[in-house]
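S.K.: Below you will find the structure I want to go over with you.
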Amino acid sequence: MTEPQITIVGGGVAGLCLAAELAERGVSLRIFDRYGRPAKHGCSWWAGGMLAPFCESEAAEEPVVRLGQEAAGWWQRHNVNVERNGSLVLALSRDGGELDRYARRTEQYEWVDADGVPVLEPDLAGRAQRGLFFPTEAHLSPRDALACLVGELESRNITIETADGLDFPDNDNEAALPTKVRKIDCRGLSASDAMQDLRGVKGEMLVIRSADITLSRPVRLLHPRIPIYLVPRGDGVFMLGATQIESGNRHAASVRSVLELLSAAYALHPAFGEAEILEIGVDARPAFPDNLPRIRCRGDWLYVNGLFRHGFLLAPAMARMTADYLLSGQIPEVMDENLN
Amino acid sequence: MTAFYGVELPTAFMLGTAQYPSPAILGAAFRESAASVATVSVRREAAGAQAGEGFWRLIRDLGVHVLPNTAGCYSPGEAITTAKMARELFETDWIKLEVIGHSDSLQPDPFGLVEAAASLCRDGFKVFPYTTEDLVLADRLLDAGCEVLMPWGAPIGTGLGLVNPYGLRSLRAQYPDVPMVIDAGLGLPSQAAQAMEMGFDALLLNTAVAKAGDPVAMAVAFAKAIEAGKLARNADPMEPRDMAAPSTPLIGKAFLQ
């Protein structure tokens, strides 16, 4: 095998998007992950897969909203099945104030009333007096999307190789790329050994199956303490998420969290009481103090990290900016450290 | 300045640390508002394996007094366990004691609260009990060893302000020397000013700042209102009266139309 120009460490959504972007632009690369192909070991596996930059602006800052708008198109170009049915945001009647606040904080939505909700989601007839519909938003199935990228890379003869931590063959290929960068760290929270300001934000989620409810788009149910979302995966399967707890604990979903998520789903529609629980997932999202992503350059290492709860939303833009930097030296707007 | 368990705080503003858009915004809210106490809710899961270390470090770096709380505890036993964990995590014997009695209104459980307060005080904790305006409950908490009371303005997270000003005035009047913090239920700075004008010693809030569109600006607004209310209280406000009283005497005016 010829010596690659770039070595990527970390085969989650950030590493795979970057690998796909670079390979597409003709960069030779190898990609390593401690555990190989995407699976339960990485937080991308547990993601919701909502490509909802406008909904996210409720709590996220401007770069997330702007950069996130690249996502749906990028995923489609990479042959991932992207459902462009928008997002629906609802609140139970006594939490109506939450909906007004959400509307003030976001844009690109239409108000829908009690008659409009079932036009979008017939099974939610009578469940909400009004809601916000974000027509331009989209969603995907994260596990299918990761598999799609793995397949695309394999078609270019790039497979995810296993290597423990940073124990992989060093890369001293001098082949012409404008920057010194040869290795890119996309390890997510595992990279906190290299970045002290990276922290974990625990998320818990469930996968449930209901024969009684069909949804065409992600539905968010606002609540002052326990906001939830349901993302349809097809065949009656839904991803129900997600808690957001300041903890790097990646291994145990708490009874309270699961109880609260399920109670909220049940409040949205009592038919969810009959749903089957297929999976309970937990992991910690990597985040910097402002919850915005970063690209950092230290010598021949580049660090791409801090995608927080926006992995599938921001990884395409991060990949594009990283590739631009590697190929043309253009400094990414999210680069906050440059020791090249 | 009132002392809380012997500690004189530079400002009367205590601020919660939950629900901010990001820790960076949380930090800015503290810096800009000069809030002097940070309350932190301790989750049992976050303790053992130092899993919350990243966030704890951010809180410690604020450089303010940390007041851990037992938010979300529904029984005295749970609250006591959480308090002990908090003491180890934050190396402080201060604890804001919440024993919730009602899951919908988050109203304190007065019976469990007194039980937990007595146990924690015996164990050397400096307890800040989240209580109602109830005088008898206040009495029991003081008997249990609490030297500070934290009556609610309104139920947690409602933003309704001081829903029972009469009850709060009575409480203040009954125990003029007990440091009291209005905790929970405030939505607007004007309500904070009102509480300080009534003679309360400090204010604790979280949601009103964290969930504002601009949390940093709202924190500053609250800080100014708290300062205004305190200045007004110390300035000995006039007594309201029913009759109009002209501020300029009419007699002796040189020209009248």
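The values are calculated or read from the model by the stated rules, or taken from the named source; none is laboratory data. Quick caveat, the model's predicted, so the values are computed rather than measured. Here the Cβ positions follow ideal geometry from the backbone for every residue, glycine too, while neighbour counts run over all protein chains shown.
S.K.: Where residues in the stretch A:191-202 are touching a strand residue (DSSP E or B) at 6+ places or on another chain (Cβ under 6 Å) and more than 8 Å from chain B (Cβ to nearest Cβ), which of them is farthest from A:E260 (Cα to Cα)?
M.R.: A:A191
S.K.: Go through the stretch A:266-301 and count every residue that is aliphatic (A, V, I, L, M) and within 14 Å of chain B (Cβ to nearest Cβ).
M.R.: 5
S.K.: For the stretch B:192-207, which residues satisfy the criterion of being farther than 16 Å from B:P129 by Cβ, surrounded by 24 or more Cβ atoms within 10 Å (Cβ to Cβ) and free of Cβ contacts under 8 Å to residues at least 60 places away in the same chain?
M.R.: Selection gives B:A192, B:A195.
S.K.: Quick one: is B:A184 within 14 Å of chain A (Cβ to nearest Cβ) and of a type in the set (G, A, S)?
M.R.: Yes, satisfied.
S.K.: Now a separate question. Only one of (1) surrounded by fewer than 18 Cβ atoms within 10 Å (Cβ to Cβ); (2) at pLDDT below 95 is not met by A:R209, so which one is it?
M.R.: Only one criterion in (1) surrounded by fewer than 18 Cβ atoms within 10 Å (Cβ to Cβ); (2) at pLDDT below 95 is unmet by A:R209, namely (2).
S.K.: Another question, then. Output the residue which, of all residues in the stretch A:1-34 that are of a type in the set (K, R) and assigned to a loop (DSSP other than H, G, I, E, B), is farthest from A:L206 (Cα to Cα).
M.R.: Taking the candidates together, the pick is A:R25.
S.K.: Also, quick follow-up: Does the stretch A:230-260 hold any residues that are away from chain B (no Cβ under 13 Å), within 16 Å of A:E274 (Cα to Cα) and touching a residue at least 40 places away in the same chain (Cβ under 8 Å), and which are they?
M.R.: Once the filter is applied, which keeps residues that are away from chain B (no Cβ under 13 Å), within 16 Å of A:E274 (Cα to Cα) and touching a residue at least 40 places away in the same chain (Cβ under 8 Å), the stretch A:230-260 yields A:V237, A:M239.
S.K.: Tally the residues that are within 17 Å of the chain's Cα centre (by Cα) and either closer than 17 Å to B:V127 by Cβ or within 14 Å of chain A (Cβ to nearest Cβ) (or both), restricting the search to the stretch B:49-75.
M.R.: 8
S.K.: For the stretch B:48-137, which fully contained helices (runs of 4 or more DSSP H) count at least 1 residues that are closer than 25 Å to B:A35 by Cα and of a type outside the set (G, A, S)?
M.R.: Result: B:53-60, B:76-90.
S.K.: Which of the residues spanning the stretch A:20-45 are modelled with pLDDT under 95, among the hydroxyl-bearing types (S, T, Y) and over 15 Å from A:L177 (Cβ atoms)?
M.R.: If the condition is that a residue be modelled with pLDDT under 95, among the hydroxyl-bearing types (S, T, Y) and over 15 Å from A:L177 (Cβ atoms), then A:Y35 is the only one that fits.
S.K.: Does the stretch B:172-227 hold any residues that are touching a Pro at 6+ places or on another chain (Cβ under 6 Å) and in a helix (DSSP H, G or I), and which are they?
M.R.: B:V209, B:A221, B:F222, B:A225
S.K.: Sticking with this one: So which of B:E78, B:E98, B:E88 is acidic (D, E), modelled with pLDDT of 90 or more and over 19 Å from the mean Cα position of the chain (by Cα)?
M.R.: B:E78
S.K.: Taking the stretch B:117-150 on its own, how many of its residues are surrounded by 22 or more Cβ atoms within 10 Å (Cβ to Cβ) and touching a Cys at 6+ places or on another chain (Cβ under 8 Å)?
M.R.: 5
S.K.: Say whether the condition of being closer than 23 Å to A:A19 by Cα, in a helix (DSSP H, G or I) and in contact with a Leu (Cβ under 6 Å, 6 or more places away or on another chain) is met by at least one residue in the stretch A:286-301.
M.R.: The answer is no, given that none of the residues of the stretch A:286-301 is closer than 23 Å to A:A19 by Cα, in a helix (DSSP H, G or I) and in contact with a Leu (Cβ under 6 Å, 6 or more places away or on another chain).
S.K.: May I pose another question? Given the residues B:G153, B:G161, B:G185, which is the only one that is surrounded by fewer than 20 Cβ atoms within 10 Å (Cβ to Cβ) and of a type outside the set (V, I, T)?
M.R.: B:G161
S.K.: Checking the conditions here, which among A:V112, A:V119, A:V82 is closer than 30 Å to A:M335 by Cβ, at pLDDT 95 or above and surrounded by fewer than 23 Cβ atoms within 10 Å (Cβ to Cβ)?
M.R.: A:V82
S.K.: Also, I was wondering about something else. Residue check: is B:D93 under 30 Å from B:P10 (Cβ atoms), in contact with a helix residue (DSSP H, G or I) (Cβ under 7 Å, 6 or more places away or on another chain) and among the charged types (D, E, K, R)?
M.R.: For B:D93, the condition - under 30 Å from B:P10 (Cβ atoms), in contact with a helix residue (DSSP H, G or I) (Cβ under 7 Å, 6 or more places away or on another chain) and among the charged types (D, E, K, R) - is met.
S.K.: Also, I was wondering about something else. Among the residues of the stretch A:178-194, which ones are crowded, with 19+ Cβ neighbours inside 10 Å and of a type in the set (A, V, I, L, M, F, W, C)?
M.R.: Across the stretch A:178-194, the qualifying residues are A:V181, A:I184, A:C186, A:L189, A:A191.
S.K.: Which residue, of A:S328, A:S263, is surrounded by fewer than 18 Cβ atoms within 10 Å (Cβ to Cβ), within 14 Å of chain B (Cβ to nearest Cβ) and out of contact with any strand residue (DSSP E or B) (no Cβ under 8 Å at 6 or more places or on another chain)?
M.R.: A:S263
S.K.: Sticking with this structure for a sec: Check off (1) touching a Pro at 6+ places or on another chain (Cβ under 6 Å); (2) crowded, with 19+ Cβ neighbours inside 10 Å for A:S28 and give me the number that stays unchecked.
M.R.: A:S28 satisfies all of (1) touching a Pro at 6+ places or on another chain (Cβ under 6 Å); (2) crowded, with 19+ Cβ neighbours inside 10 Å except (2).
S.K.: Also: Assess whether A:L166 counts as being aliphatic (A, V, I, L, M) and assigned to a loop (DSSP other than H, G, I, E, B).
M.R.: yes
S.K.: Let me confirm something: among A:R298, A:R285, which residue is more than 12 Å from the chain's Cα centre (by Cα), over 20 Å from A:G26 (Cβ atoms) and of a type in the set (K, R)?
M.R.: Being more than 12 Å from the chain's Cα centre (by Cα), over 20 Å from A:G26 (Cβ atoms) and of a type in the set (K, R) holds for just one of A:R298, A:R285, which is A:R298.
S.K.: Still on this structure: So, of the residues in the stretch A:85-106 that are touching a residue at least 24 places away in the same chain (Cβ under 8 Å) and small (G, A, S), which turns out to be surrounded by the fewest Cβ atoms within 10 Å (Cβ to Cβ)?
M.R.: A:S93
S.K.: Can you tell me which residue in the stretch A:214-234 is surrounded by the most Cβ atoms within 10 Å (Cβ to Cβ), limited to those that are at pLDDT 95 or above and not in a strand (DSSP E or B)?
M.R.: The residue in question is A:P218.
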